[in-house]
Amino acid sequence: MTPIQTQSVLVQNGDLAIEAYLATPQGEGVYPAVIVIQEVFGVNEHIKDVTERFAQAGYVAIAPAIYQRLAPGFAVGYTPDGLAQGREYKEQTKASELLSDLQSTLDYLHRLPQVKPGGVGCIGFCFGGHVAYLAATLPGIRATASFYGAGIATLTPGGGEPTLRRTSEIQGTLYAFFGEEDPLIPLEQVEEIEAELQKQQISHQIFRYAGAGHGFFCDQRPDYRKAAAQDAWQKVLQLFSSTL
């Protein structure tokens with residue numbers, strides 16, 4: 001694994017300073033970049049760990065606080081109270097603001113001398129999986145990994161047409177990962193997502209994991225499924241290594 005360094009940084013979006021966790025390889029040179037989008041639980045230890053894993057794999061990785069406008073510094077564990085609070089903030093987000101903040105994160109990355117010019121990767125989990133699908137519509141995103149993003153087929157943050165209706169705007173490759181036992185994402189919605197990606201001729205793959213529920217990638221959640229998580233991680237690394 002590549003030696004890394006980590007730090008807390010601020011991403012400026014107009015008057016808004018977005019807190020973010022940045023992990024970078026220590027070696028000289030330039031590296032492809034990845035944006036890591038949090039679950040409803042904030043930029044917590046799990047999200048920081050994922051960000052560090054990307055840096056160890058040779059990427060500049062950044063996890064912006066997508067609740068910055070609502071709850072600066074929000075980061076909680078996997079408790080019922082934490083889930084309730086995180087969902088409350090999720091309900092107050094707006095797609096336009098999320099996209100604006102992620103575009104600012106893209107711009108921030110491209111100002112870093114160690115970031116390779118060109119497209120950036122994006123990965124998101126839980127609510128972040130939905131937001132990652134949104135982020136895939138940004139021209140600067142070349143590859144997206146969306147993990148168990150609920151509501152893609154039925155709604156969009158802040159209201160309006162479901163995020164799925166924006167599929168035609170995706171310009172890069174999208175991988176989506178779902179557990180077949182996820183109570184938040186009926187399999188018919190997964191099929192609807194796959195059908196729309198095919199209809200719009202988006203480069204994509206959909207991965208379904210038997211016996212896995214919501215949150216199967218997170219080793220701090222009861223739903224963690226080691227085999228599925230390891231398989232998904234390898235597929236993400238293959239996606240990013242082939243596109244970034």
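Results, tabulated for the structure shown:
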{"read-out": "Test: residue in segment 185-202 that is part of a loop (DSSP other than H, G, I, E, B), farther than 21 Å from Ile66 by Cβ, free of Cβ contacts under 8 Å to residues at least 24 places away in the same chain and polar (S, T, N, Q)", "value": "yes"}
{"read-out": "Given (1) in a strand (DSSP E or B); (2) open to solvent by 30 Å² or more (accessible area, probe 1.4 Å); (3) more than 20 Å from Ala95 (Cα to Cα), index of the condition Phe177 fails", "value": "(2)"}
{"read-out": "His130, sole failed condition from (1) open to solvent by 10 Å² or more (accessible area, probe 1.4 Å); (2) over 20 Å from Glu19 (Cα atoms); (3) free of Cβ contacts under 8 Å to residues at least 60 places away in the same chain", "value": "(1)"}
{"read-out": "Residue count for segment 107-116, restricted to those that are surrounded by fewer than 16 Cβ atoms within 10 Å (Cβ to Cβ) and either of a type in the set (Asp, Glu) or part of a helix (DSSP H, G or I) (or both)", "value": "2"}
{"read-out": "One residue from Ile152, Ile123, Ile141 being buried (at least 22 other Cβ atoms within 10 Å of the Cβ) and over 30 Å from Gly211 (Cα atoms)", "value": "Ile141"}
{"read-out": "Subset tally (residues that are in contact with a Leu (Cβ under 7 Å, 6 or more places away or on another chain) and at pLDDT 95 or above) for segment 94-131", "value": "10"}
{"read-out": "Strands (runs of 3 or more DSSP E) within segment 1-106 that include 3 or more residues open to solvent by less than 20 Å² (accessible area, probe 1.4 Å)", "value": "16-25, 33-37, 60-64"}
{"read-out": "Which numbered condition Ala132 misses (of (1) of a type in the set (Gly, Ala, Ser); (2) assigned to a helix (DSSP H, G or I); (3) farther than 24 Å from Pro32 by Cα)", "value": "(3)"}
{"read-out": "Members of segment 219-234 that are open to solvent by 40 Å² or more (accessible area, probe 1.4 Å) and either acidic (Asp, Glu) or within 15 Å of the chain's Cα centre (by Cα) (or both)", "value": "Asp219, Asp223, Asp231"}
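The values are calculated or read from the model by the stated rules, or taken from the named source; none is laboratory data. Keep in mind it's a predicted model, so treat the numbers as computed, not measured. Here the Cβ is made from the backbone with ideal geometry for all residues, glycine too, and neighbour counts use every protein chain on show. To get the accessible areas, we keep the full protein, side chains included, count just its heavy atoms, and leave off ligands, DNA and RNA. Shrake-Rupley method; radii C 1.70, N 1.55, O 1.52, S 1.80 Å.
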